[in-house]
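The values are calculated or read from the model by the stated rules, or taken from the named source; none is laboratory data. From a predicted model like this one, the values you see are computed outputs, not experimental measurements. Because the Cβ atoms are built from the backbone with ideal geometry, glycine has one as well, and the counts that use them run over all protein chains shown. Note: accessible area is taken over every heavy atom of the protein model, side chains too, but ligands, DNA and RNA are not part of it. Shrake-Rupley method; radii C 1.70, N 1.55, O 1.52, S 1.80 Å.
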Amino acid sequence: GTLPSALGNLKDLQILSLEYNQLQGTIPMEVVHLKNLTELRLNQNKLSGTISTELGWQKKLQRIWLHSNQFSGAIPSELGGLLELIDLRLDHNTLSGIIPSEIGDIAALQQLWLSFNRLTGTIPSKFGGLTALTDLLLNGNAITGVIPSELASISQLQYLWLDDNQLTGTIPNELGCLTELIELTAQNNGLAGTISSWLCNLNYQVLWFNNNSLDGRLPSELGCLYELVELKLNDNNFSGKIPTELGNLTQLQYLWLNSTLLTGTLPSDIGKLSELKGLKLQNNRLSGTIPSELGNLNSLQILHLNNNQFTGTIPYKLGGLLSLTDLFLNSNMISGIIPNDLGNIIQLQNLWLNDNFLIGSIPSELGKLNHLLSLNLSSNALSGTVPMELATIFSATTEIYLYNNEGLEGDISFLCENGTHRNIYVNDSMKNVTCQCCVY
(Lines give C-alpha, C1' and ligand atoms only; values in the text may rest on other atoms or scores of the structure.)
Protein backbone atom coordinates (compact mmCIF):
# COMPACT_ATOMS: atom_id res chain seq x y z
CA GLY A 1 0.00 0.00 0.00
CA THR A 2 0.90 3.67 0.35
CA LEU A 3 1.84 5.86 3.26
CA PRO A 4 -1.37 7.47 4.58
CA SER A 5 -1.33 11.24 4.83
CA ALA A 6 -3.21 10.83 8.12
CA LEU A 7 0.16 10.06 9.73
CA GLY A 8 0.62 13.82 9.71
CA ASN A 9 -1.97 14.04 12.52
CA LEU A 10 0.50 12.37 14.91
CA LYS A 11 2.04 15.66 15.94
CA ASP A 12 4.11 14.17 18.78
CA LEU A 13 5.49 11.32 16.68
CA GLN A 14 9.24 10.99 17.11
CA ILE A 15 10.08 7.71 15.36
CA LEU A 16 8.44 6.50 12.14
CA SER A 17 9.74 3.01 11.41
CA LEU A 18 8.10 1.16 8.50
CA GLU A 19 11.11 -0.48 6.90
CA TYR A 20 11.06 -3.91 5.17
CA ASN A 21 7.57 -3.66 3.71
CA GLN A 22 6.01 -3.28 0.26
CA LEU A 23 5.08 0.39 0.52
CA GLN A 24 4.71 2.25 -2.77
CA GLY A 25 4.09 5.79 -3.92
CA THR A 26 5.61 8.96 -2.50
CA ILE A 27 6.20 10.27 1.01
CA PRO A 28 3.20 12.49 1.86
CA MET A 29 4.06 16.09 2.70
CA GLU A 30 2.10 15.63 5.93
CA VAL A 31 4.80 13.19 7.04
CA VAL A 32 7.58 15.51 5.92
CA HIS A 33 6.08 18.25 8.14
CA LEU A 34 6.15 16.25 11.40
CA LYS A 35 8.06 18.72 13.58
CA ASN A 36 9.04 16.32 16.38
CA LEU A 37 10.32 13.55 14.16
CA THR A 38 13.79 12.33 15.15
CA GLU A 39 13.94 9.14 13.08
CA LEU A 40 12.47 8.51 9.61
CA ARG A 41 13.05 4.87 8.69
CA LEU A 42 11.36 3.82 5.45
CA ASN A 43 14.11 1.73 3.94
CA GLN A 44 13.57 -1.52 1.99
CA ASN A 45 10.28 -0.56 0.38
CA LYS A 46 9.20 0.49 -3.12
CA LEU A 47 8.76 4.18 -2.45
CA SER A 48 9.41 6.55 -5.32
CA GLY A 49 9.37 10.20 -6.28
CA THR A 50 11.84 12.83 -5.12
CA ILE A 51 13.14 13.61 -1.65
CA SER A 52 11.42 16.81 -0.58
CA THR A 53 13.57 19.86 0.10
CA GLU A 54 11.24 20.56 3.04
CA LEU A 55 12.67 17.54 4.85
CA GLY A 56 15.57 19.85 5.61
CA TRP A 57 13.26 21.94 7.80
CA GLN A 58 12.80 19.19 10.40
CA LYS A 59 15.66 20.22 12.63
CA LYS A 60 15.20 17.41 15.18
CA LEU A 61 15.92 14.63 12.68
CA GLN A 62 18.77 12.37 13.75
CA ARG A 63 18.27 9.43 11.39
CA ILE A 64 17.02 9.34 7.80
CA TRP A 65 16.90 5.85 6.35
CA LEU A 66 15.46 5.89 2.83
CA HIS A 67 17.81 3.35 1.31
CA SER A 68 16.73 0.49 -0.96
CA ASN A 69 13.76 2.23 -2.53
CA GLN A 70 13.13 3.83 -5.93
CA PHE A 71 13.71 7.50 -5.14
CA SER A 72 14.96 9.66 -8.00
CA GLY A 73 16.03 13.25 -8.55
CA ALA A 74 18.64 15.22 -6.65
CA ILE A 75 19.71 15.04 -3.03
CA PRO A 76 18.33 18.25 -1.50
CA SER A 77 21.07 20.63 -0.37
CA GLU A 78 18.69 21.65 2.43
CA LEU A 79 19.59 18.42 4.25
CA GLY A 80 22.82 20.19 5.16
CA GLY A 81 20.82 22.20 7.69
CA LEU A 82 19.96 19.14 9.78
CA LEU A 83 22.68 19.76 12.34
CA GLU A 84 21.52 16.97 14.69
CA LEU A 85 21.60 14.34 11.96
CA ILE A 86 23.92 11.44 12.76
CA ASP A 87 22.83 8.85 10.16
CA LEU A 88 21.87 9.51 6.51
CA ARG A 89 21.28 6.47 4.32
CA LEU A 90 20.11 7.09 0.75
CA ASP A 91 21.90 4.21 -0.97
CA HIS A 92 20.35 1.81 -3.51
CA ASN A 93 18.02 4.28 -5.18
CA THR A 94 18.24 6.11 -8.53
CA LEU A 95 19.24 9.52 -7.20
CA SER A 96 21.13 11.72 -9.64
CA GLY A 97 22.99 15.02 -9.76
CA ILE A 98 25.88 16.11 -7.60
CA ILE A 99 26.52 15.41 -3.94
CA PRO A 100 25.59 18.63 -2.10
CA SER A 101 28.61 20.14 -0.41
CA GLU A 102 26.23 21.40 2.30
CA ILE A 103 26.19 17.90 3.77
CA GLY A 104 29.70 18.75 4.92
CA ASP A 105 28.13 21.16 7.43
CA ILE A 106 26.52 18.36 9.47
CA ALA A 107 29.26 18.07 12.08
CA ALA A 108 27.37 15.36 14.04
CA LEU A 109 27.08 13.02 11.03
CA GLN A 110 28.46 9.53 11.63
CA GLN A 111 27.08 7.47 8.74
CA LEU A 112 26.71 8.71 5.17
CA TRP A 113 25.57 6.03 2.73
CA LEU A 114 25.08 7.16 -0.88
CA SER A 115 26.11 3.97 -2.68
CA PHE A 116 24.49 2.58 -5.83
CA ASN A 117 22.77 5.65 -7.20
CA ARG A 118 23.47 7.72 -10.31
CA LEU A 119 25.38 10.53 -8.64
CA THR A 120 27.84 12.58 -10.66
CA GLY A 121 30.27 15.41 -10.00
CA THR A 122 33.09 15.29 -7.50
CA ILE A 123 33.49 14.32 -3.85
CA PRO A 124 33.08 17.59 -1.90
CA SER A 125 36.34 18.55 -0.20
CA LYS A 126 34.10 20.01 2.51
CA PHE A 127 33.52 16.46 3.71
CA GLY A 128 36.87 16.79 5.46
CA GLY A 129 35.00 18.69 8.17
CA LEU A 130 32.85 15.67 9.08
CA THR A 131 35.11 14.74 11.96
CA ALA A 132 32.55 12.39 13.59
CA LEU A 133 32.03 10.36 10.42
CA THR A 134 32.78 6.62 10.59
CA ASP A 135 31.14 5.46 7.31
CA LEU A 136 31.51 7.21 3.95
CA LEU A 137 30.01 4.94 1.29
CA LEU A 138 30.02 6.44 -2.23
CA ASN A 139 30.55 3.32 -4.35
CA GLY A 140 28.48 2.41 -7.39
CA ASN A 141 27.94 5.89 -8.82
CA ALA A 142 29.49 7.95 -11.64
CA ILE A 143 31.56 10.28 -9.47
CA THR A 144 34.54 11.92 -11.17
CA GLY A 145 37.60 13.92 -10.14
CA VAL A 146 40.20 13.04 -7.54
CA ILE A 147 40.03 11.64 -4.03
CA PRO A 148 40.19 14.81 -1.89
CA SER A 149 43.16 14.88 0.46
CA GLU A 150 40.83 16.66 2.92
CA LEU A 151 39.24 13.30 3.71
CA ALA A 152 42.33 12.60 5.81
CA SER A 153 40.87 14.98 8.42
CA ILE A 154 38.02 12.56 9.18
CA SER A 155 39.95 11.01 12.02
CA GLN A 156 37.18 8.59 13.07
CA LEU A 157 36.63 7.17 9.56
CA GLN A 158 36.43 3.38 9.48
CA TYR A 159 34.79 2.61 6.12
CA LEU A 160 35.68 4.47 2.92
CA TRP A 161 34.03 2.88 -0.13
CA LEU A 162 34.82 4.59 -3.43
CA ASP A 163 34.70 1.68 -5.85
CA ASP A 164 32.84 1.56 -9.17
CA ASN A 165 33.07 5.24 -9.99
CA GLN A 166 35.14 7.27 -12.47
CA LEU A 167 37.75 8.67 -10.10
CA THR A 168 41.15 9.69 -11.44
CA GLY A 169 44.40 11.03 -10.05
CA THR A 170 46.53 9.38 -7.41
CA ILE A 171 45.87 7.89 -3.99
CA PRO A 172 46.51 10.74 -1.53
CA ASN A 173 49.37 10.02 0.86
CA GLU A 174 47.38 11.88 3.49
CA LEU A 175 45.05 8.89 3.82
CA GLY A 176 47.82 7.34 5.87
CA CYS A 177 46.60 9.56 8.73
CA LEU A 178 43.34 7.62 8.96
CA THR A 179 44.48 5.28 11.70
CA GLU A 180 40.95 4.02 12.42
CA LEU A 181 40.26 3.00 8.81
CA ILE A 182 39.19 -0.65 8.46
CA GLU A 183 38.01 -0.84 4.85
CA LEU A 184 39.34 1.18 1.90
CA THR A 185 37.82 0.13 -1.41
CA ALA A 186 38.47 1.98 -4.67
CA GLN A 187 38.28 -0.74 -7.32
CA ASN A 188 37.02 -0.10 -10.86
CA ASN A 189 38.13 3.50 -11.21
CA GLY A 190 40.85 5.27 -13.20
CA LEU A 191 43.36 5.83 -10.40
CA ALA A 192 47.03 6.07 -11.37
CA GLY A 193 50.39 6.38 -9.63
CA THR A 194 51.89 4.08 -7.03
CA ILE A 195 50.87 2.52 -3.74
CA SER A 196 52.94 4.31 -1.13
CA SER A 197 54.66 2.98 1.95
CA TRP A 198 52.35 4.96 4.26
CA LEU A 199 50.22 1.83 4.48
CA CYS A 200 52.45 0.32 7.15
CA ASN A 201 50.99 -0.34 10.61
CA LEU A 202 47.45 0.70 9.74
CA ASN A 203 44.49 -1.45 10.77
CA TYR A 204 43.03 -2.24 7.37
CA GLN A 205 41.00 -5.39 7.06
CA VAL A 206 39.92 -4.78 3.45
CA LEU A 207 42.04 -3.05 0.80
CA TRP A 208 40.72 -3.05 -2.78
CA PHE A 209 42.48 -1.11 -5.56
CA ASN A 210 41.86 -3.61 -8.35
CA ASN A 211 40.93 -2.55 -11.89
CA ASN A 212 42.73 0.77 -11.95
CA SER A 213 45.90 2.02 -13.68
CA LEU A 214 48.28 1.85 -10.74
CA ASP A 215 51.94 1.15 -11.48
CA GLY A 216 55.31 0.83 -9.79
CA ARG A 217 56.37 -1.88 -7.38
CA LEU A 218 54.27 -3.38 -4.64
CA PRO A 219 55.67 -1.92 -1.42
CA SER A 220 57.07 -4.38 1.09
CA GLU A 221 55.18 -2.35 3.72
CA LEU A 222 52.03 -4.19 2.67
CA GLY A 223 53.38 -6.92 4.91
CA CYS A 224 52.80 -4.65 7.92
CA LEU A 225 49.00 -4.71 7.53
CA TYR A 226 48.67 -7.45 10.10
CA GLU A 227 44.85 -7.22 10.35
CA LEU A 228 44.30 -7.50 6.60
CA VAL A 229 41.68 -10.02 5.46
CA GLU A 230 41.24 -9.04 1.78
CA LEU A 231 43.93 -7.62 -0.53
CA LYS A 232 42.75 -7.12 -4.11
CA LEU A 233 45.19 -5.31 -6.40
CA ASN A 234 44.51 -7.21 -9.62
CA ASP A 235 44.23 -5.65 -13.09
CA ASN A 236 46.77 -2.87 -12.67
CA ASN A 237 50.16 -2.14 -14.23
CA PHE A 238 52.57 -3.02 -11.45
CA SER A 239 56.12 -4.19 -12.01
CA GLY A 240 58.65 -6.17 -10.03
CA LYS A 241 58.19 -9.06 -7.66
CA ILE A 242 55.66 -10.24 -5.11
CA PRO A 243 57.00 -9.02 -1.73
CA THR A 244 57.96 -11.91 0.52
CA GLU A 245 56.61 -9.82 3.41
CA LEU A 246 53.07 -10.72 2.35
CA GLY A 247 53.73 -13.96 4.20
CA ASN A 248 53.33 -11.97 7.43
CA LEU A 249 49.60 -11.38 6.80
CA THR A 250 48.38 -14.30 8.87
CA GLN A 251 44.73 -13.11 8.83
CA LEU A 252 44.59 -12.84 5.04
CA GLN A 253 41.78 -14.75 3.33
CA TYR A 254 41.86 -13.33 -0.21
CA LEU A 255 44.97 -12.33 -2.18
CA TRP A 256 44.24 -11.20 -5.72
CA LEU A 257 47.29 -10.05 -7.72
CA ASN A 258 46.25 -11.38 -11.11
CA SER A 259 46.80 -9.43 -14.34
CA THR A 260 49.35 -7.03 -12.85
CA LEU A 261 52.52 -7.70 -14.92
CA LEU A 262 54.38 -9.11 -11.90
CA THR A 263 57.63 -11.00 -12.48
CA GLY A 264 59.98 -13.16 -10.43
CA THR A 265 59.13 -16.21 -8.37
CA LEU A 266 56.21 -17.00 -6.10
CA PRO A 267 57.53 -16.61 -2.53
CA SER A 268 57.30 -19.77 -0.47
CA ASP A 269 56.26 -17.51 2.45
CA ILE A 270 52.78 -17.38 0.92
CA GLY A 271 52.46 -20.91 2.29
CA LYS A 272 52.29 -19.39 5.81
CA LEU A 273 48.89 -17.77 5.14
CA SER A 274 46.87 -20.43 6.91
CA GLU A 275 43.56 -18.54 6.62
CA LEU A 276 43.85 -18.01 2.85
CA LYS A 277 40.76 -19.03 0.85
CA GLY A 278 41.47 -17.43 -2.52
CA LEU A 279 44.85 -16.97 -4.27
CA LYS A 280 44.67 -15.44 -7.74
CA LEU A 281 47.99 -14.84 -9.52
CA GLN A 282 47.03 -15.64 -13.10
CA ASN A 283 48.01 -13.59 -16.15
CA ASN A 284 51.37 -12.41 -14.88
CA ARG A 285 54.97 -13.23 -15.79
CA LEU A 286 55.82 -15.30 -12.74
CA SER A 287 58.50 -17.94 -13.18
CA GLY A 288 60.33 -20.64 -11.24
CA THR A 289 58.65 -23.57 -9.60
CA ILE A 290 55.34 -23.73 -7.75
CA PRO A 291 56.29 -23.79 -4.04
CA SER A 292 55.32 -27.02 -2.31
CA GLU A 293 54.49 -24.84 0.72
CA LEU A 294 51.20 -23.97 -0.95
CA GLY A 295 50.12 -27.42 0.16
CA ASN A 296 49.98 -26.03 3.72
CA LEU A 297 47.06 -23.71 2.87
CA ASN A 298 44.37 -25.96 4.29
CA SER A 299 41.60 -23.35 3.95
CA LEU A 300 42.31 -22.66 0.28
CA GLN A 301 39.31 -22.91 -2.06
CA ILE A 302 40.57 -21.13 -5.20
CA LEU A 303 44.08 -21.40 -6.66
CA HIS A 304 44.67 -19.61 -9.98
CA LEU A 305 48.27 -19.75 -11.23
CA ASN A 306 47.46 -20.02 -14.94
CA ASN A 307 49.01 -17.97 -17.75
CA ASN A 308 52.42 -17.50 -16.20
CA GLN A 309 55.84 -19.01 -16.86
CA PHE A 310 56.05 -21.58 -14.06
CA THR A 311 58.33 -24.54 -14.62
CA GLY A 312 59.08 -27.72 -12.71
CA THR A 313 56.48 -30.20 -11.60
CA ILE A 314 53.08 -30.04 -9.91
CA PRO A 315 53.75 -30.38 -6.15
CA TYR A 316 52.10 -33.57 -4.87
CA LYS A 317 51.31 -31.67 -1.64
CA LEU A 318 48.56 -29.79 -3.49
CA GLY A 319 46.61 -33.00 -3.12
CA GLY A 320 46.17 -32.15 0.56
CA LEU A 321 44.12 -29.02 -0.20
CA LEU A 322 40.84 -30.73 0.62
CA SER A 323 38.74 -27.52 0.50
CA LEU A 324 39.88 -26.62 -3.02
CA THR A 325 37.16 -26.16 -5.66
CA ASP A 326 39.16 -24.47 -8.45
CA LEU A 327 42.71 -25.43 -9.49
CA PHE A 328 43.99 -23.62 -12.57
CA LEU A 329 47.61 -24.35 -13.52
CA ASN A 330 47.12 -24.14 -17.28
CA SER A 331 49.23 -22.21 -19.78
CA ASN A 332 52.58 -22.50 -18.04
CA MET A 333 55.67 -24.59 -18.74
CA ILE A 334 55.05 -27.27 -16.12
CA SER A 335 56.48 -30.71 -16.80
CA GLY A 336 56.42 -34.14 -15.21
CA ILE A 337 53.40 -36.26 -14.40
CA ILE A 338 49.97 -35.46 -12.98
CA PRO A 339 50.23 -36.41 -9.28
CA ASN A 340 47.86 -39.15 -8.17
CA ASP A 341 47.29 -37.08 -5.02
CA LEU A 342 45.07 -34.62 -6.91
CA GLY A 343 42.39 -37.30 -6.72
CA ASN A 344 42.11 -36.60 -3.00
CA ILE A 345 40.64 -33.11 -3.58
CA ILE A 346 37.10 -34.43 -3.67
CA GLN A 347 35.49 -30.94 -3.58
CA LEU A 348 37.23 -29.98 -6.81
CA GLN A 349 34.92 -28.57 -9.49
CA ASN A 350 37.39 -27.23 -12.05
CA LEU A 351 40.80 -28.79 -12.79
CA TRP A 352 42.70 -27.14 -15.63
CA LEU A 353 46.20 -28.42 -16.41
CA ASN A 354 46.14 -27.76 -20.16
CA ASP A 355 48.86 -26.12 -22.28
CA ASN A 356 51.83 -27.40 -20.32
CA PHE A 357 54.44 -30.14 -20.92
CA LEU A 358 52.88 -32.87 -18.79
CA ILE A 359 53.75 -36.49 -19.59
CA GLY A 360 52.71 -39.92 -18.44
CA SER A 361 49.23 -41.33 -18.05
CA ILE A 362 46.04 -39.82 -16.69
CA PRO A 363 45.77 -41.00 -13.05
CA SER A 364 42.82 -43.26 -12.36
CA GLU A 365 42.51 -41.48 -9.00
CA LEU A 366 40.89 -38.53 -10.80
CA GLY A 367 37.82 -40.72 -10.99
CA LYS A 368 37.16 -39.86 -7.33
CA LEU A 369 36.43 -36.24 -8.24
CA ASN A 370 32.67 -36.66 -8.50
CA HIS A 371 31.95 -32.90 -8.14
CA LEU A 372 34.01 -32.05 -11.20
CA LEU A 373 32.42 -29.72 -13.75
CA SER A 374 35.40 -29.31 -16.07
CA LEU A 375 38.61 -31.26 -16.57
CA ASN A 376 41.05 -29.76 -19.07
CA LEU A 377 44.12 -31.84 -19.87
CA SER A 378 44.49 -30.69 -23.48
CA SER A 379 47.73 -29.67 -25.22
CA ASN A 380 50.16 -31.73 -23.18
CA ALA A 381 52.16 -34.88 -23.96
CA LEU A 382 50.01 -37.38 -22.06
CA SER A 383 50.06 -41.01 -23.15
CA GLY A 384 48.45 -44.35 -22.49
CA THR A 385 44.79 -45.21 -22.15
CA VAL A 386 42.14 -43.04 -20.55
CA PRO A 387 41.23 -44.69 -17.21
CA MET A 388 37.79 -46.28 -16.97
CA GLU A 389 37.35 -44.56 -13.59
CA LEU A 390 36.73 -41.22 -15.31
CA ALA A 391 33.32 -42.49 -16.42
CA THR A 392 32.08 -42.19 -12.83
CA ILE A 393 32.66 -38.45 -12.52
CA PHE A 394 30.70 -37.16 -15.48
CA SER A 395 27.30 -35.60 -15.21
CA ALA A 396 25.35 -34.08 -18.09
CA THR A 397 27.15 -30.75 -17.55
CA THR A 398 30.70 -32.04 -17.11
CA GLU A 399 33.24 -31.13 -19.80
CA ILE A 400 36.50 -32.95 -20.47
CA TYR A 401 39.18 -31.65 -22.84
CA LEU A 402 41.72 -34.17 -24.11
CA TYR A 403 42.75 -32.79 -27.52
CA ASN A 404 46.38 -32.36 -28.58
CA ASN A 405 47.61 -35.33 -26.58
CA GLU A 406 48.80 -37.51 -29.45
CA GLY A 407 50.08 -40.21 -27.09
CA LEU A 408 46.63 -41.13 -25.76
CA GLU A 409 45.14 -44.31 -27.19
CA GLY A 410 42.19 -46.66 -27.08
CA ASP A 411 38.43 -46.45 -27.35
CA ILE A 412 36.99 -43.90 -24.91
CA SER A 413 33.36 -44.48 -25.87
CA PHE A 414 32.81 -45.75 -22.32
CA LEU A 415 32.58 -42.06 -21.39
CA CYS A 416 29.34 -41.86 -23.38
CA GLU A 417 26.00 -42.24 -21.68
CA ASN A 418 23.70 -44.29 -23.91
CA GLY A 419 25.63 -42.99 -26.88
CA THR A 420 24.66 -39.36 -26.21
CA HIS A 421 26.84 -36.26 -26.40
CA ARG A 422 28.88 -35.79 -23.18
CA ASN A 423 31.00 -32.68 -23.96
CA ILE A 424 34.21 -34.64 -24.49
CA TYR A 425 36.65 -32.81 -26.71
CA VAL A 426 39.33 -34.54 -28.81
CA ASN A 427 40.83 -33.80 -32.24
CA ASP A 428 41.96 -35.60 -35.39
CA SER A 429 45.62 -35.54 -34.39
CA MET A 430 44.80 -38.16 -31.72
CA LYS A 431 44.94 -40.97 -34.30
CA ASN A 432 45.00 -43.79 -31.74
CA VAL A 433 41.80 -42.68 -29.98
CA THR A 434 38.31 -43.68 -31.02
CA CYS A 435 35.13 -42.25 -29.59
CA GLN A 436 31.44 -42.43 -30.55
CA CYS A 437 30.30 -39.34 -28.64
CA CYS A 438 33.23 -36.93 -28.66
CA VAL A 439 33.41 -33.48 -30.20
CA TYR A 440 36.10 -33.22 -32.87
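Here are a few things to note about the model shown:
- On the stretch given as segment 178-206, residues that are β-branched (Val, Ile, Thr) and either assigned to a strand (DSSP E or B) or over 19 Å from LEU249 (Cα atoms) (or both) total 3.
- Given (1) free of Cβ contacts under 8 Å to residues at least 40 places away in the same chain; (2) closer than 30 Å to CYS177 by Cα, number of the condition ILE242 does not satisfy: (1)
- Candidate set: segment 3-21, residues that are outside any loop (DSSP other than H, G, I, E, B), open to solvent by less than 40 Å² (accessible area, probe 1.4 Å) and aliphatic (A, V, I, L, M); chosen: the one nearest to ASN43 (Cα to Cα): LEU16
- Residue count for segment 359-368, restricted to those that are touching a strand residue (DSSP E or B) at 6+ places or on another chain (Cβ under 9 Å) and surrounded by fewer than 18 Cβ atoms within 10 Å (Cβ to Cβ): 3
- Selection status of LEU47, touching a strand residue (DSSP E or B) at 6+ places or on another chain (Cβ under 9 Å), at pLDDT 95 or above, open to solvent by less than 10 Å² (accessible area, probe 1.4 Å) and assigned to a loop (DSSP other than H, G, I, E, B): no
- Scanning segment 212-245 for residues that are under 24 Å from ASP164 (Cβ atoms), open to solvent by 50 Å² or more (accessible area, probe 1.4 Å) and of a type outside the set (S, T, N, Q) turns up ASP215, ASP235.
- Residue in segment 201-216 that is farther than 22 Å from GLY145 by Cβ and among the aromatic types (Phe, Trp, Tyr) present: yes
- Taken over segment 261-284, the residue count meeting the criterion of being out of contact with any strand residue (DSSP E or B) (no Cβ under 8 Å at 6 or more places or on another chain) and in a loop (DSSP other than H, G, I, E, B) is 4.
- Selection over segment 246-260 of residues that are open to solvent by 40 Å² or more (accessible area, probe 1.4 Å) and either assigned to a helix (DSSP H, G or I) or among the polar types (S, T, N, Q) (or both) gives a count of 4.
- LEU175 vs. criteria under 22 Å from ARG118 (Cβ atoms) and not in a loop (DSSP other than H, G, I, E, B): no
- Any pair with Cβ under 8 angstrom, 6 or more apart, that starts in segment 123-150 at a residue that is farther than 23 Å from ILE86 by Cα and β-branched (Val, Ile, Thr) and ends at one that is in a strand (DSSP E or B) and open to solvent by less than 30 Å² (accessible area, probe 1.4 Å): ILE143/LEU119
- Qualifying positions in segment 179-197 - under 18 Å from GLU230 (Cα atoms) and buried (at least 17 other Cβ atoms within 10 Å of the Cβ): LEU181, ILE182, GLU183, LEU184, THR185, ALA186, GLN187, ASN188, ILE195
- If you go through segment 285-331 and keep only what is part of a strand (DSSP E or B), within 20 Å of GLN349 (Cβ to Cβ) and open to solvent by 10 Å² or more (accessible area, probe 1.4 Å), you end up with ILE302, HIS304, ASP326, PHE328.
- Conditions (1) more than 13 Å from LEU353 (Cβ to Cβ); (2) within 32 Å of the chain's Cα centre (by Cα); (3) buried (at least 16 other Cβ atoms within 10 Å of the Cβ); (4) modelled with pLDDT of 90 or more: number failed by VAL386: (2)
- Among residues of segment 357-375, those that are in a loop (DSSP other than H, G, I, E, B), touching a Ser or Thr at 6+ places or on another chain (Cβ under 7 Å) and farther than 18 Å from LEU300 by Cα, counted: 3
- Within segment 22-37, the set of residues being surrounded by 14 or more Cβ atoms within 10 Å (Cβ to Cβ) and outside any helix (DSSP H, G or I) comprises LEU23, GLN24, THR26, ILE27, PRO28, HIS33, LEU34, LEU37.
- A count restricted to segment 110-133 and to residues that are among the hydrophobic types (A, V, I, L, M, F, W, C), closer than 23 Å to SER72 by Cα and either touching a strand residue (DSSP E or B) at 6+ places or on another chain (Cβ under 6 Å) or in a loop (DSSP other than H, G, I, E, B) (or both) stands at 5.
- Sole exception among (1) in contact with a Phe, Trp or Tyr (Cβ under 8 Å, 6 or more places away or on another chain); (2) under 30 Å from ASN69 (Cα atoms); (3) of a type outside the set (Phe, Trp, Tyr) for GLN158, by number: (1)
- When residues of segment 389-420 are limited to those that are polar (S, T, N, Q) and at pLDDT 80 or above, the one most open to solvent (accessible area, probe 1.4 Å): THR392
- Residue satisfying condition, being in contact (Cβ under 8 Å) with a residue 12 or more places away in the chain, touching a strand residue (DSSP E or B) at 6+ places or on another chain (Cβ under 9 Å) and surrounded by 20 or more Cβ atoms within 10 Å (Cβ to Cβ), within set ASN350, ASN356: ASN356
- The set of residues in segment 332-342 that are more than 14 Å from ASN354 (Cα to Cα) and in a loop (DSSP other than H, G, I, E, B) contains only PRO339.
- In segment 90-132, of all residues being closer than 24 Å to LEU181 by Cβ and acidic (Asp, Glu), the one that is surrounded by the fewest Cβ atoms within 10 Å (Cβ to Cβ) corresponds to ASP105.
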